[in-house]
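Below: one structure, written as structure tokens.
The values are calculated or read from the model by the stated rules, or taken from the named source; none is laboratory data. All figures in this text were calculated on a predicted structure; none of them were measured in a lab. Ideal geometry is used to build each Cβ from the backbone, glycine not excepted, and the neighbour counts take in all protein chains shown. In case anyone asks, the SASA skips ligands and DNA or RNA and just uses the protein heavy atoms, side chains included. Shrake-Rupley method; radii C 1.70, N 1.55, O 1.52, S 1.80 Å.
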Amino acid sequence: MKIYFLSSIPCALTVNGVYFGVTDGFERFAEVSLRDNLFVCFSPENALPISFFLNEQIRFNPPKGCSVYLLKDGIALFAQGFPPCDFTLRTIAQERDGDCLATVFKQGETQLCLQTERGCFTALLSPAFDCCEIEFHQNLVFLKAESKLAVFTKRGERVFYETITSYRIEENTFTAVLPLSDSLGRKAECVYTLRENGLERESVKLLQERAERLNASEELLPYAFFECVLIGGTYASFLEESLREKAEELPAFLGEFIDVVVTEDPFVCGLVRKKAERLYEVSYYTVKIREGKIFDIQG
């Protein structure tokens, strides 16, 4: 069986104590039998390692700190939740609003602490907030990092946590532009009303950029089409007229999925479905194209 090894940061990979090379976001694989119960260890430079036995249980119970993807030709292991090795306390940002003191600090992991008369609340943050600013708006706490924005109530409830390109606040309205990280460079403009206990979404508008890429190569069409279905875009424009009549039925045919992955064949895409916490399964669909339009989809 093919086992693909990936990690969120560069790691030295050892199997049964033997060095196998360096892992990162680029997939590398080896032919492995799960019956051998091999001991796998991802060792990063500035964090503690993630290690586990590689056996049949990997299909049902992902190791701590590792996501498992069930593929048609094997299994992909993505190590990402590396335990920190430095527990020095460091204050990153601190602001006060009335009786609420908000502090972002790092002690092993990056965290937010909210101290009010009603108690003390903490929440974990991603390393992206190792450098950030704190703002208060309408009784909500905004944490602004270089490319991420998090919004919390003063009780520590997270109500927004996204990668953004920009945002603005006008009276009781909060507008954020979110990159969708798709092949067409699309973004979503989301508008929310600020409430004392959170955010209420009012509208979402897709902003499409670099659409001329669609005319460059038919090989991009299948991937862009599935991405468009995923984000709720106008995917009918990708379809030939005979299939466009059934456009409304396509989301039900494809089922619920959370991501799209490419394969060696540009006309075959994998749709990632979540089975359990940190456990995913990939289903594959073949797209047929005629004169720049999709006329058949087979799963």
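Value of Rg to Rh for the chain, rounded to two decimals, is 1.02; Kirkwood radius and Rg both from alpha-carbon coordinates. Within 10 Å, at most 14 other Cβ atoms, and a DSSP state outside H, G, I, E, B define an exposed site. Report the longest part of the chain free of exposed chymotrypsin sites (Phe, Trp or Tyr not before Pro). Within the chain, the longest run free of exposed chymotrypsin sites (Phe, Trp or Tyr not before Pro) spans 88-299. The figure for residue 103 is an accessible area of roughly 10 square angstrom, using a 1.4 Å probe on the protein chains alone. Once you reduce segment 104-174 and segment 243-257 to the center of their Cα atoms, the two points are 37 Å from each other.
Looking only at GluC sites (Glu not before Pro) in DSSP loops with at most 16 other Cβ atoms within 10 Å, what is the longest site-free stretch of the chain? The partial results should precede the final answer.
Working: sites that count: 27, 45, 117, 146, 157, 171, 196, 209, 240, 245, 256, 264, 277, 291.
Segment 46-116 is the longest.
Within the straight-line cut-off of under 13 Å between alpha carbons, the aspartates and glutamates reachable from residue 246 are 296, sequence neighbours fewer than 8 places apart in one chain being disregarded.
Excluding the site residues themselves, the longest part of the chain lacking any trypsin sites (Lys or Arg not before Pro) in a DSSP loop with at most 14 other Cβ atoms within 10 Å is 1-63. In this structure residue 191 has an accessible area near 30 Å², from a 1.4 Å probe over the protein heavy atoms. Cross-link partners for residue 64 among the lysines, with Cα-Cα distance under 20 Å and sequence neighbours closer than 8 places in the same chain left out: 274, 275. Fully extending the segment from residue 264 to residue 177, taken as 0.36 nm per residue of separation minus the present Cα-Cα distance, adds 28.1 nm. Comparing Cα centroids, segment 262-297 and segment 24-56 end up 27 angstrom apart. Modelled this way, with points 7 Å down the Cα-to-C-beta line, the labels at residue 246 and residue 277 are 4.0 nm from one another.
Can you tell me how much longer the chain between residue 16 and residue 146 gets when fully stretched, taken as 0.36 nm per residue apart minus their C-alpha distance, in nm with one decimal? Mind showing how you got there, number by number?
On the way: separation 130, 0.36 × 130 = 46.80 nm, distance 4.02 nm.
Full extension from residue 16 to residue 146 adds 42.8 nm.
A 1.4 Å probe, protein heavy atoms only, puts the accessible area of residue 296 near 40 Å².
Percent relative contact order of the chain, based on C-alpha pairs within less than 8 angstrom and at least six residues apart? Mind showing how you got there, number by number?
Numbers: 637 pairs, mean separation 29.2, N = 299.
Taking the mean separation of contacting Cα pairs over the length of the chain, I get 10 percent.
Taking all Cα pairs closer than 8 Å and separated by 6 or more residues, the relative contact order of segment 100-186 comes to 16 percent.
So which of 154/205; 106/148; 106/205 end up more than 27 Å apart, counting from Cα to Cα? Cα-Cα > 27 Å for 154/205; 106/205; rest within. At a probe radius of 1.4 angstrom, the accessible area of segment 128-169 per residue rounds to 48 square angstrom. Determine the shape class of segment 254-299: with a ≥ b ≥ c the square roots of the Cα gyration tensor eigenvalues, call it rounded for a/c under 1.5, and otherwise prolate if a/b is greater than b/c, oblate otherwise. It comes out prolate by the Cα gyration axes. Accessible surface of segment 1-155, 1.4 Å probe: 51 percent of it comes from carbon and sulfur atoms. The lysines whose alpha-carbon is closer than 16 Å to the alpha-carbon of residue 2, local same-chain residues fewer than 8 away aside, are 72.
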